[in-house]
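*Asks:* Handing you this structure, nothing more for now.
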Amino acid sequence: MSLAQHTDVQLRFRQQVINSETYVTSFIEEVFPIQAGMHVMEIGCGEGGVLVPFLKKGCRCVGVDLVAFRITLAEQFLQEYIQNGTLRLINKNIYDLDFLGEFQHSFDLILLKDAIEHIPDQDKLMGYLKNLLKPGGAIYLGFPPWYMPHGGHQQICRNKVLSMFPYIHLLPAPVYRSILKIGKESPATVKELMEIKETGISIERFQRILDQNNYTIVHKRFYLINPIYQYKFGWKPRVQFRFIAGIPFFRNFITTCVYYLVKDKDVVQEDAYKQA
């Protein structure tokens, strides 16, 4: 049985706003002050709730999503910001040449909240994003590690047993697909969950991608209990125990969410040299 958030778009939007106000922006501002006039883009913006706190702080924002009806919903929820010229919502692929032509080196901050685990070829993505960042800009990423209990997003299943069953997404693909079909999940749900199985990302693989693309981690936080769970299940958010967060691979199985803020390593080193 899927949660109310998966069918109630207004509820999902409100939860996005609250979570972004309470956790995302505060995490970023611990090391990267958010100031009026900054240019911010969210990739996979959905209904647009994550952008609201940035808009309230006076940022000029762009929300991009491949799913047209989600952009339509965002336009309904965020009309006042579109009308006052501080927000653009775009239904487009960021790899399109005209997108790059318009937004090359345009953004102080790029957001991917619960998005990177849905995107194929994350190595290509992280390399490409440098084309869209201003010098000194940063990228925020928040995502569930693939190996965590519900890292396969099986909570979207309508079958109550499947939606609550932990680690089932780690089964071999043919077995997992067969179980979903036996559970009478819709073809669309099966397709989505199998795609996530292909793109799901672990902490270690993500950090290797950062290294390969010459990023440095300027801030990170691992959660034992994902902040969004307080709205979904009434569970109090809890940061992961430090000793568990330091155990490679094992930490993926019991860390439900990770936050990262990253920058181009060359730019960070250049700034440090200038300040020395």
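The values are calculated or read from the model by the stated rules, or taken from the named source; none is laboratory data. Every value quoted in this text rests on a predicted model; they were computed, and no experiment measured them. Here Cβ is always computed from backbone atoms with ideal geometry, including for glycine, and neighbour counts include all displayed protein chains.
*Asks:* Take VAL52 and tell me if it is closer than 21 Å to PHE13 by Cα and in the same structural domain as LYS124 (by TED's automatic domain parsing).
*Replies:* yes
Every residue, every condition in (1) of a type in the set (A, V, I, L, M, F, W, C); (2) surrounded by fewer than 19 Cβ atoms within 10 Å (Cβ to Cβ); (3) closer than 23 Å to ALA188 by Cα, yes or no:
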| position | (1), (2), (3) |
| --- | --- |
| ASN93 | no, yes, yes |
| GLY101 | no, yes, no |
| LEU111 | yes, no, no |
| LYS124 | no, yes, no |
| LEU129 | yes, no, no |
| LYS160 | no, yes, yes |
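*Asks:* Out of LEU132, LEU100, LEU111, report the one residue that is of a type outside the set (Phe, Trp, Tyr), farther than 20 Å from SER20 by Cβ and in contact with a strand residue (DSSP E or B) (Cβ under 7 Å, 6 or more places away or on another chain).
*Replies:* From the options LEU132, LEU100, LEU111, the qualifying one is LEU132.
*Asks:* While we're here: Pick from segment 166-177 the residues that are under 23 Å from the mean Cα position of the chain (by Cα) and of a type in the set (A, V, I, L, M, F, W, C): which of them is surrounded by the fewest Cβ atoms within 10 Å (Cβ to Cβ)?
*Replies:* Here the answer is LEU170.
*Asks:* Considering only segment 178-196, state which residues are in contact with a Lys or Arg (Cβ under 9 Å, 6 or more places away or on another chain), surrounded by 14 or more Cβ atoms within 10 Å (Cβ to Cβ) and not small (Gly, Ala, Ser).
*Replies:* Across segment 178-196, the qualifying residues are GLU185, THR189, VAL190, LEU193, MET194.
*Asks:* Can you report the number of residues in segment 230-267 which are surrounded by fewer than 17 Cβ atoms within 10 Å (Cβ to Cβ) and touching a Ser or Thr at 6+ places or on another chain (Cβ under 7 Å)?
*Replies:* 1
*Asks:* Right, another one. Of (1) in contact (Cβ under 8 Å) with a residue 40 or more places away in the chain; (2) within 28 Å of HIS153 (Cα to Cα); (3) out of contact with any helix residue (DSSP H, G or I) (no Cβ under 6 Å at 6 or more places or on another chain), PHE103 satisfies all except one. Which?
*Replies:* In the conditions (1) in contact (Cβ under 8 Å) with a residue 40 or more places away in the chain; (2) within 28 Å of HIS153 (Cα to Cα); (3) out of contact with any helix residue (DSSP H, G or I) (no Cβ under 6 Å at 6 or more places or on another chain), PHE103 misses (2) alone.
*Asks:* Check whether at least one residue in segment 202-222 is within 25 Å of LEU162 (Cβ to Cβ), buried (at least 17 other Cβ atoms within 10 Å of the Cβ), under 21 Å from the mean Cα position of the chain (by Cα) and not small (Gly, Ala, Ser), and report yes or no.
*Replies:* no
Results for (1) out of contact with any Leu (no Cβ under 6 Å at 6 or more places or on another chain); (2) aromatic (Phe, Trp, Tyr); (3) on the phi < 0 side of the Ramachandran plot, shown as yes or no for each residue.
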| site | (1), (2), (3) |
| --- | --- |
| GLN15 | yes, no, yes |
| GLY37 | yes, no, no |
| GLU42 | no, no, yes |
| ALA68 | yes, no, yes |
| PHE99 | yes, yes, yes |
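*Asks:* Check whether at least one residue in segment 48-59 is outside any helix (DSSP H, G or I), without any contact (Cβ under 8 Å) to a residue 40 or more places away in the chain, under 22 Å from LEU125 (Cβ atoms) and not charged (D, E, K, R), and report yes or no.
*Replies:* No, because not a single residue in segment 48-59 is outside any helix (DSSP H, G or I), without any contact (Cβ under 8 Å) to a residue 40 or more places away in the chain, under 22 Å from LEU125 (Cβ atoms) and not charged (D, E, K, R).
*Asks:* Residues of segment 159-206 being without any contact (Cβ under 8 Å) to a residue 12 or more places away in the chain and either in contact with a Ser or Thr (Cβ under 8 Å, 6 or more places away or on another chain) or not basic (Lys, Arg) (or both), which ones?
*Replies:* Hits for segment 159-206 are MET164, PHE165, LEU171, PRO172, PRO174, VAL175, SER178, ILE182, PRO187, ALA188.
*Asks:* Follow-up question, since we're still on this one. Which helices (runs of 4 or more DSSP H) does segment 81-195 wholly contain that include 3 or more residues that are modelled with pLDDT of 95 or more and assigned by TED's automatic domain parsing to the domain that holds PHE253?
*Replies:* Result: 97-103, 122-129.
*Asks:* While we're on this one: What residue, of GLU21, GLU80, is free of Cβ contacts under 8 Å to residues at least 24 places away in the same chain and either among the β-branched types (Val, Ile, Thr) or surrounded by fewer than 17 Cβ atoms within 10 Å (Cβ to Cβ) (or both)?
*Replies:* Working: GLU21 fails: free of Cβ contacts under 8 Å to residues at least 24 places away in the same chain.
Being free of Cβ contacts under 8 Å to residues at least 24 places away in the same chain and either among the β-branched types (Val, Ile, Thr) or surrounded by fewer than 17 Cβ atoms within 10 Å (Cβ to Cβ) (or both) holds for just one of GLU21, GLU80, which is GLU80.
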